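J.: My structure is below; once you've seen it, I'll send some questions.
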Amino acid sequence: MTEMISIEQLELKISDIKSQLEKEEGLSKADLQIKYLGKKGLFNELAKIIAKVNYQDKKSAGQMLNELKNFLNETIEKMELQKTKVKWIDLTQPGIKPKVGHMHPVSQAMEEITRIFERIGFTRARYQEIDWDWYVFESLNMPKSHPARDEWETFFIDAPTDKKLGKIVLTTHTSNGQVREMERLNSKAPIRMINIGRCYRRQQDTTHTQMFHQFEGLVIDKGINIQHLKGTLDYFAQEFYGPGTKSRIRPFHFQFTEPSLEVDFSCHICNGTGFLDNEVKKSQDQRNKCKFCKSGWHEVGGAGMVHPNVLKAGGFNPEVYTGFAFGWGVERTYTLKEGLNIDDIRLLYSGDLKFLEQF
Ligand code: DAH
């Protein structure tokens, strides 16, 4: 009678073969295959043993052998793969660069605006995004129930009303910084403030987001006149949009300025001409129109000489002091500079990296 073999003995032999393979060095893939899986290889030699396994253990012995065969095949493949990996390290190949982030385009614009105004003596301010009605409207010469307030689609906070300061609102513009800055400096001139902050309005479509940013300039001193305002606007136009960019002011109405103005900047793509060619003799229809501005100018925001009532609200005597103010949106200022015709401004706040990585 032939000598029988137990499952335990078979297990031992299997693990011997496995560790032998794992220790192999120097044999090629083909050699390993012959040694372990070839006709006379270690696997086939072992497989013959099945004849010596008890009848009732034959099934598990077969499964164990199958598992061993898979192990041998897979391990030989893996060893080959590792060998090729090592062989093909190319030290001259450029490495994989780690991803580097950058500031959001709107933050970049705010930084640049701050630097431009700091160079001519303005101080950067930040005032609250949630403020009293008094600072957002009333101190800016907009008494309660004044129809001018309707232009600002205001969010109100559900909170108790203060007798003097009124309701609490999400700031609809950065103009709330005007009287706050006058108070911060104890109504002492000179004031040269650039306030940049978030604003909120109940408006959302392709050209508006409910949250957006504005920057607000305020200058108060003795003898400040409209020429100082115009000079400041021209300076900003050139610094932000490039040499040669001009500003233009047009009459308008705001409650907090008198006179009030709307501000345009000349288009830096067509140099304010409205056309991309120099063929001035041709009729307008035949010329290559600038698609970016259509008229040579871009409307950007509001400005004016600070209204006497606003100066009074901030503790200044309007008989002695005068001032100018201006304010408008950071998003629009930025997209104009880049020549971006973003068809949906909400993209800026979508958090979509594919969009943001372009800037
Ligand atoms: N606060 C105004 C708005 O949001 C913009 C503005 C106009 C600001 C005139 C000013 C100004 O400082 O003088 O539409």
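J.: From the P(r) of the stretch 137-278, can you give the percent of Cα pairs sitting at distances over 28 Å? The partial results should precede the final answer.
T.: Details: 3037 of 10011 pairs.
Cα-Cα pairs of the stretch 137-278 separated by over 28 Å account for 30 percent.
J.: Another question about this same structure. Largest first, how would Thr172, Thr84, Thr273 line up by accessible area (1.4 Å probe)?
T.: Details: Thr172 0, Thr84 45, Thr273 75 Å².
Correct descending sequence by accessible area is Thr273, Thr84, Thr172.
J.: If you stretched the chain out fully between Gln227 and Asp352, how much longer would it get, using 0.36 nm times the residue separation minus the C-alpha to C-alpha distance?
T.: That pair, Gln227 and Asp352, stretches by 40.7 nm at full extension.
J.: Cut-off 15 Å, label point 7 angstrom out along Cα-to-Cβ of Ser187: give me the residues of the stretch 278-320 whose amide nitrogen falls inside.
T.: 308-320
J.: May I ask for the Rg/Rh ratio of the stretch 110-195, computed from Cα atoms with Rh as the Kirkwood radius, given to two decimals?
T.: Values: Rg = 14.3 Å, Rh = 14.1 Å.
Using Cα coordinates only, the ratio equals 1.02.
J.: Ratio of Rg to Rh for the stretch 248-329, alpha carbon only, Kirkwood?
T.: Details: Rg = 18.4 Å, Rh = 14.9 Å.
Reported Rg/Rh, Kirkwood definition of Rh: 1.24.
J.: Can you divide the C-alpha Rg of the stretch 220-357 by 2.2 N^0.38 Å and report the result to two decimal places? Could you put the intermediate results ahead of the total?
T.: On the way: Rg = 18.5 Å, N = 138, 2.2 N^0.38 = 14.3 Å.
For the stretch 220-357, the normalised Cα radius of gyration is 1.29.
J.: Which trypsin sites (Lys or Arg not before Pro) in the stretch 10-81 sit in a loop by DSSP (not H, G, I, E or B) and have at most 12 other Cβ atoms within 10 Å of their own Cβ? Show your work: numbers first, answer last.
T.: On the way: sites: Lys13, Lys18, Lys23, Lys29, Lys35, Lys39, Lys40, Lys48, Lys52, Lys58, Lys59, Lys69, Lys78; in loops: Lys39, Lys40.
Hits after loop and neighbour filter: Lys39, Lys40.
J.: Pairwise over distinct Cα atoms, reciprocal of the mean inverse distance: report the Kirkwood radius of the stretch 7-83 in Å, one decimal place. Let's see the in-between values first.
T.: Numbers: mean 1/r = 0.0772 Å⁻¹.
After inverting the pairwise mean of 1/r, the radius is 13.0 Å.
J.: Could you give the length gained on full extension between Asn73 and Arg126, defined as 0.36 nm per residue of separation minus the Cα-Cα distance, in nm?
T.: Working: separation 53, 0.36 × 53 = 19.08 nm, distance 6.82 nm.
Working it through step by step, the gained length comes to 12.3 nm.
J.: Another one. Among the helices of the chain (complete DSSP H runs), which have Cα atoms covering no less than 15 Å along the helix axis and a Kyte-Doolittle mean of at least -1.0? Let's see the in-between values first.
T.: On the way: long enough: 7-23 (24 Å, -0.55); 58-87 (44 Å, -0.97); 105-118 (20 Å, -0.14); 226-241 (22 Å, -0.33).
Helices passing the filter in the chain: 7-23, 58-87, 105-118, 226-241.
J.: Another question about this same structure. Of the heavy-atom accessible surface of the stretch 193-306 (probe 1.4 angstrom), what whole percent is carbon and sulfur? Don't skip to the answer; put the middle values down first.
T.: Details: 2760 of 5700 Å².
For the stretch 193-306, the apolar C and S fraction of the accessible surface comes to 48 percent.
J.: Considering Cα pairs under 8 angstrom that are at least six residues apart, work out the relative contact order of the chain and quote it in whole percent. If you can, show how the numbers build up before the last one.
T.: On the way: 537 pairs, mean separation 51.6, N = 359.
Here the relative contact order equals 14 percent.
J.: Take the alpha carbon atoms of the stretch 277-335, find their center, do the same for the stretch 26-45, and report the distance between the two centers in whole angstrom.
T.: 84 Å
J.: Need the full-extension length gain, Ala47 to Arg198, defined as separation in residues times 0.36 nm minus the C-alpha distance. One decimal, nm.
T.: Values: separation 151, 0.36 × 151 = 54.36 nm, distance 7.72 nm.
Extra length available between Ala47 and Arg198 comes to 46.6 nm.
J.: Per residue, what volume in Å³ does the convex hull of the Cα atoms of the chain enclose? Spell out each step's value before the answer.
T.: Details: hull volume 115.0 nm³, N = 359.
Hull volume over Cα atoms, normalised by residue count, gives 320 Å³.
J.: Follow-up. Going 7 Å from the Cα of Asp57 in the Cα-to-Cβ direction, what parts of the stretch 15-35 have a backbone nitrogen less than 18 Å from that spot?
T.: Hits in the stretch 15-35 for Asp57 at 18 Å: 15-17.
J.: For n ≥ 4 DSSP H runs only, could you compute -39500 (n - 2.57) per run for the chain, divide by its residues and tell me the 222 nm figure to the nearest 500? All intermediate terms of the calculation are to be shown ahead of the outcome.
T.: Details: 11 runs with 118 residues, N = 359.
Helices in the chain give a 222 nm mean residue ellipticity of -10000 deg cm²/dmol.
J.: I've got another one for you. Can you figure out the FRET efficiency of Thr206 with Asp158, using R₀ = 22 Å and their beta-carbon distance, to the nearest 0.05? Don't skip to the end; give the middle numbers.
T.: Working: r = 30 Å, r/R0 = 1.35.
The computed FRET efficiency comes out at 0.15.
J.: Using only the alpha-carbon atoms of the stretch 7-139 as identical scatterers, what base-10 log of I(q)/I(0) does the Debye formula give at q = 0.16, 0.22 Å⁻¹?
T.: -0.93, -1.28
J.: So how much accessible area does Tyr235 have, in Å² to the nearest 10, using a 1.4 Å probe?
T.: The accessible area of Tyr235 comes to roughly 50 Å².
J.: Largest first, what is the accessible-area ranking of Glu319, Glu299, Glu181 with a 1.4 Å probe? Don't skip to the answer; put the middle values down first.
T.: Values: Glu319 165, Glu299 95, Glu181 5 Å².
Solvent-accessible surface, decreasing: Glu319, Glu299, Glu181.
J.: Which residues' amide hydrogens lie under 5 Å from the amide hydrogen of Glu153, considering only partners 5 or more residues apart or on another chain, with H built in the peptide plane?
T.: The answer is Arg202.
The values are calculated or read from the model by the stated rules, or taken from the named source; none is laboratory data. None of these values were measured; they are calculated from a predicted model. A quick note on method: Cβ atoms are made from the backbone with ideal geometry, for glycine too, and the neighbour counts reach across all protein chains shown. Protein only, heavy atoms only, side chains kept; ligands, DNA and RNA dropped before computing areas. Shrake-Rupley method; radii C 1.70, N 1.55, O 1.52, S 1.80 Å.
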